[in-house]
Each structure stands twice: as structure tokens, then as C-alpha cells.
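To keep things clear, I will list the structure first and then write my remarks on it.
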Amino acid sequence: MINRIIRMLKGYAWFKRLNARITYEALAKYIPASDWHFMNYGYVPKDGEHGIDVHATTRQRYSMQMYHYLASKTNIEGKQLLEVGSGRGGGAEYIVRSLKPAFYTGMDIAGSAVTLANKIHVAPNLKFIQGSAEAIPLVDNSIDVVINVESCHGYGCVPTFLSEVKRVLKPGGYLLLVDFRNSVENMRIFKDQLQTAGMECVEEENISANVISAIEAEDETKKEMIRKLIPAKWQKLFGEFAGIVGSPFHTTLKDGVRQYYRFVLRKAVA
């Protein structure tokens, strides 16, 4: 009964906003682990994608790869970057350290996540701010690249988010986005929203298989982290949230009910 009510409420924009904020405020506040930097499901590169210098024992290396291969879709060296939904800040820190943007602003709706990210990731060209994806607190035409990783499925109004991205992007700027939808139909709706956002869709890729491979490769490491960081009574629930092997997220992605895509969009030059 409770699950049915929650599924029904997720159809309302106000509940999606509230649910996302409460969830990520709590995760940053009550699990402030300094060695847990990423929250995406991870990525195993496709054949032909150039490798990155990530040591095999690096914790959350697959989540790091999600950011690397997304950010590599355009040249970001010396550029102004904004990440909408920056979470614990691991992706921002990796990109600043490895791909050399001029400045990187990470923005998240959860104040506790912003506080945590500013505490554990310190660099002269990196800062984290609190803000809503549907009302980005930056001026028009000020950003070269917007990054959005596994975040917009939780927004109240995706078209409003896309309108805000278009507003803050400089002419010729890019939106680099990865996210999932819980059904083929909902992914179709999302693609329609992207097509009508007033930006050119340069590339779209179904990366479900790459995400499945990452989930399966990292499963034991992820379970060990859950045992270490999460109280025993919450471990099963958190395992489902984290997408361990056999969880609903993993099984629906594997059987094709759920889909995970990567998109590159570009704002017109004039």
C-alpha cells in the first residue's frame, strides 16, 4: 500500500522536488564519509573509447568513468563549467583535476551536500553552491558546458530545467547529460522534451549495457561500503537504492524495462 502511494505521488512535481531534497540532504548529513564521493551507477567504456588513468583499486572507479566519458564529449579545458546536481562533488573534483576547466561550479538543491562537497573538495577553480535546477542562480550566457549526471529524473519539471540550461549557456555551449527513465515510454517522453528544448541534439546513446557492466563489476565493493557505512537495519533498503546486483534497478535495466542514455546537446551560435 505504501509503495503504491509513493508511486502515485511521484507523478506530482512538488513531491518529486521534495523527495529529492529530503533524500540527498539526509544522505550528506548522516553519511558524511569523506571517501564516498560519487552517487551514480557507474560506466564501463565502449570499445574504441580511450582509456583513462584510473588505478584498478580506485574506489568508485566506474562512477569516475561515468564523468570522464561524459565530459570528454567536448573540449572543456579552459572553459566555464556548471554541474547541476553535483551531489557529493566527486565528479567535479575529478574533472577539475584531470580535464582542466577554467572554473567549475557544482550546484545542488541539498544544502548539506553542498557543505560536504565544499569541505572535502578544495581547489582554487572549484566551488559548490546551493540552487534549484529549475531556477539556476547564474546570469544568462555565462557557461560553456553544463553537466548533468543521473539527476534530472528527480526534477519537478524537466522542460523548465532545460530552459534554464539554455538560458545560462553561452551561444555554442553544450549540455552533457546522462540519466535513466523507468520505462521505455518515459524515456521516449524525455527524448521529446530534449528535442523541443531549443538546442541541437548532437548525440544520443543507449548506454544501459555499459551501466549494467559497471554495476556487476563493482558489486562486491559496493556491498562492502554499505556494510561499513550504513546501519544494519537500513542496509537492504540502501542496497536497493544503490542498485546492487539483483536490486529492482539492476534487474529492470537488464531486462530492458528501464533505459539509461547519454546525450549531447548544443545551443545555437546565433
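The values are calculated or read from the model by the stated rules, or taken from the named source; none is laboratory data. As the structure is a computational prediction, the values presented were derived from the model and not from experiment. So basically every Cβ, Gly included, is an ideal-geometry build from the backbone, and we count neighbours across all protein chains shown.
Out of contact with any Gly (no Cβ under 8 Å at 6 or more places or on another chain) and either loosely packed, with under 15 Cβ neighbours inside 10 Å or modelled with pLDDT of 95 or more (or both), is that true of E164?
Here the answer is yes, as E164 does meet what is asked.
Whether any residue in region 248-270 is in contact with a Gly (Cβ under 9 Å, 6 or more places away or on another chain), free of Cβ contacts under 8 Å to residues at least 24 places away in the same chain and within 16 Å of G42 (Cβ to Cβ) is what I want to check.
Within region 248-270 (the criterion being in contact with a Gly (Cβ under 9 Å, 6 or more places away or on another chain), free of Cβ contacts under 8 Å to residues at least 24 places away in the same chain and within 16 Å of G42 (Cβ to Cβ)), the answer is no, since none of the residues qualifies.
A quick yes/no check of all residues on (1) in a helix (DSSP H, G or I); (2) under 19 Å from F241 (Cβ atoms); (3) hydroxyl-bearing (S, T, Y):
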| position | (1), (2), (3) |
| --- | --- |
| G173 | no, no, no |
| E203 | no, no, no |
| I215 | yes, yes, no |
| T221 | yes, yes, yes |
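Kindly indicate whether any position in region 184-203 is within 20 Å of the chain's Cα centre (by Cα), among the β-branched types (V, I, T) and buried (at least 20 other Cβ atoms within 10 Å of the Cβ).
no
Here is a list: A71, A92, A26. Which entry is more than 24 Å from E216 (Cα to Cα) and at pLDDT 95 or above?
Exactly one of A71, A92, A26 is more than 24 Å from E216 (Cα to Cα) and at pLDDT 95 or above, namely A92.
Out of the residues in region 99-110 that are within 17 Å of the chain's Cα centre (by Cα) and outside any strand (DSSP E or B), which is nearest to D35 (Cα to Cα)?
So the residue we want is A110.
Tell me which residues, restricted to region 111-137, are in a loop (DSSP other than H, G, I, E, B), more than 17 Å from the chain's Cα centre (by Cα) and either of a type in the set (D, E, K, R) or surrounded by fewer than 17 Cβ atoms within 10 Å (Cβ to Cβ) (or both).
Matches in region 111-137: V122, P124, N125, P137.
Please enumerate the residues belonging to region 139-171 that are more than 16 Å from the chain's Cα centre (by Cα), outside any loop (DSSP other than H, G, I, E, B) and farther than 21 Å from I76 by Cβ.
Within region 139-171, P159, T160, S163 meet the criteria.
Which of the residues spanning region 209-234 are among the polar types (S, T, N, Q) and crowded, with 16+ Cβ neighbours inside 10 Å?
Matches in region 209-234: N210, S213.
Within region 94-116, can you find the residues that are out of contact with any Gly (no Cβ under 9 Å at 6 or more places or on another chain) and either without any contact (Cβ under 8 Å) to a residue 40 or more places away in the chain or within 11 Å of H68 (Cα to Cα) (or both)?
Those that are out of contact with any Gly (no Cβ under 9 Å at 6 or more places or on another chain) and either without any contact (Cβ under 8 Å) to a residue 40 or more places away in the chain or within 11 Å of H68 (Cα to Cα) (or both): Y94, I95, V96, R97, S98, L99, F103, Y104, T105.
Got a number for residues in region 216-247 being in contact (Cβ under 8 Å) with a residue 24 or more places away in the chain and in contact with a Gly (Cβ under 7 Å, 6 or more places away or on another chain)?
1
Being of a type outside the set (V, I, T) and modelled with pLDDT under 90 is true for just one of A268, A214, A242. Which residue is that?
Checking each option against the conditions leaves just A242.
Condition first: among the charged types (D, E, K, R) and in contact with a Leu (Cβ under 9 Å, 6 or more places away or on another chain). Now tell me which residues in region 188-240 satisfy that.
E200, E203, E204
Would you confirm, using the coordinates I've provided, whether I76 is closer than 27 Å to S213 by Cβ, within 13 Å of the chain's Cα centre (by Cα) and among the β-branched types (V, I, T)?
No; evaluated as a whole, the condition is false for this residue.
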